[in-house]
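A short worksheet on the structure shown next.
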Amino acid sequence: MAASENLVIAGVELASRLFIGTAGYPNQRIMVDAVEASGSDLVTLSLRRISLQGHGSDTARLLAGKRFLPNTAGCETARDAILTAELAREALGTNWIKVEVIGDRETLYPDVGELLEATRQLVDRGFVVLPYCNDDPVICARLADLGAAAVMPMGSLIGSGMGVANPANLELICARSPVPVIVDAGIGTASDAVIAMELGASGVLLNTAVAKADNPVQMARAMRHAVEAGYEARMAGRIPKRGRAEPSSPQLGLVGS
């Protein structure tokens, strides 16, 4: 992507600021094509959705060459998340892990206490931890203090497509965070991704917005451009908002003046 600098997480440079998931696509062929169209360097995998024996349509095999970010989706305790992370490290040969510890099945909000404990233990075990968390500046700061390589606050409810529900919180998190901020969950369309990036996010992670679109490959391409555009606009610096009109053309030399 055309940008002033690439995203770096845990010393690894990523050319794309868009991370994409692999669940829920109509079929594996569309999933592979969408991942390719997204330009993403980092692809999320849920351990239970891949064949560890390589039978059938193995997502890991189909996406060989991509950097994988396995996740602990569905875990409800720190213990289960840690076990899943260890299995993922053995199966996929990566110490990167997206940590999800869900505290409520209806909203899929994180269990903050269990998430903090899982992050602490996984960092101690040598994992590069990217925790999915509430859009709470205090929680994000605590996760960074525990050694998280990035924080991944929710834009809004997982799979909701509601976009960035609390832009003020997200902007504050981005301004204060000592580690990259990746907006995770709730992105519904390209404009949502642009907003997240303009608010200061280092990147965007999404799945449902692409996988459930009428045309996943086209939406993946749109999200790629949206993340790039949002980042470039932030780097360029927007004009100040004014409460009155200001002409863009010079007023001197008008006909009849």
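Where a number appears in this text, it was derived from the coordinates with a stated rule and is not lab data. Just so we're clear, the structure is a prediction, and the values are computed from it rather than from any experiment. We place every Cβ from the backbone using ideal geometry, glycine too, and count neighbours over all the protein chains shown.
Brief remarks on what is shown
- Of residues in segment 120-145 being of a type in the set (A, V, I, L, M) and surrounded by fewer than 19 Cβ atoms within 10 Å (Cβ to Cβ), the one nearest to Phe68 (Cα to Cα): Val123
- Options Met197, Met235; residue that is touching a Phe, Trp or Tyr at 6+ places or on another chain (Cβ under 7 Å), in contact (Cβ under 8 Å) with a residue 40 or more places away in the chain and farther than 22 Å from Tyr109 by Cβ: Met197
- Of the residues screened, Arg242 is one that is part of a loop (DSSP other than H, G, I, E, B), more than 26 Å from Pro137 (Cβ to Cβ) and more than 14 Å from the chain's Cα centre (by Cα).
- For Arg224: the one exception among (1) crowded, with 18+ Cβ neighbours inside 10 Å; (2) touching a Ser or Thr at 6+ places or on another chain (Cβ under 7 Å); (3) under 21 Å from Ala73 (Cβ atoms); (4) of a type outside the set (Val, Ile, Thr): (3)
- Only one of the numbered conditions (1) outside any loop (DSSP other than H, G, I, E, B); (2) β-branched (Val, Ile, Thr); (3) over 24 Å from Val12 (Cα atoms) is not met by Val183, and that is (3).
- When segment 201-227 is filtered for residues that are under 17 Å from Cys174 (Cα atoms) and part of a helix (DSSP H, G or I), only Val227 remains.
- None of Thr84, Thr107, Thr94, Thr119 is in contact with a Lys or Arg (Cβ under 8 Å, 6 or more places away or on another chain), outside any strand (DSSP E or B) and among the polar types (S, T, N, Q) except Thr94.
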